[in-house]
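S.K.: A single structure is presented below for examination.
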Amino acid sequence: MMAIVPGTYKIFWDATPEDKKIFVADPAKGSRHNRGCAVDLSLFDLKTGQEVKMPSEYDEMTERSHINYSCSTPEATHLRALLRGAMRLKALPSMSLSGGTMTTRTGKSIRSLM
């Protein structure tokens, strides 16, 4: 996990198009992401070793990244729910809006969700 240096994050903020700033925190306020308190997670198929198809791609900055995006395939929606359920079982409640990004209020180490 990596926290972005505040000066670097300002450059990133300034370079982000206005219509994408919903996905990027204002550096004057900060966020869990730029403080190193969030992780991007996904699921992998243990038989193939391949990442499964989630509603959005890693770090995708589109409406598909929102946790409540309803136009994904039934399988992708199911897998997103499976990931969120596994996190709840391990007391890692999701707090963000993006589909694969979950944060913890407890500060627990994340080793294995299953």
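S.K.: Search region 45-89 for residues being surrounded by fewer than 16 Cβ atoms within 10 Å (Cβ to Cβ) and basic (Lys, Arg), and hand back the single one that is modelled with the lowest pLDDT.
M.R.: Across region 45-89, the extreme among qualifying residues is 88.
S.K.: Right, another one. Could you give me the residue pairs with C-beta distances under 9 Å whose first residue belongs to region 24-50 and is charged (D, E, K, R), whose second residue is assigned to a loop (DSSP other than H, G, I, E, B) and at pLDDT 75 or above wherever it lies, and which are 6+ apart or on separate chains?
M.R.: The qualifying pairs are 32/25; 40/58; 40/59; 45/52.
S.K.: Kindly provide the set of residues from region 14-51 that are of a type in the set (Lys, Arg), under 25 Å from residue 84 (Cα atoms) and in a loop (DSSP other than H, G, I, E, B), ordered by number.
M.R.: 32, 47 - these are the residues of region 14-51 that are of a type in the set (Lys, Arg), under 25 Å from residue 84 (Cα atoms) and in a loop (DSSP other than H, G, I, E, B).
S.K.: Would you confirm, using the coordinates I've provided, whether residue 29 is of a type in the set (D, E, K, R) and over 17 Å from the mean Cα position of the chain (by Cα)?
M.R.: Criteria met by residue 29.
The values are calculated or read from the model by the stated rules, or taken from the named source; none is laboratory data. Just so it is clear, the model here is predicted, and its values are computed rather than measured. With ideal geometry, Cβ positions are generated from the backbone for all residues, glycine too; neighbour counts draw on all protein chains shown.
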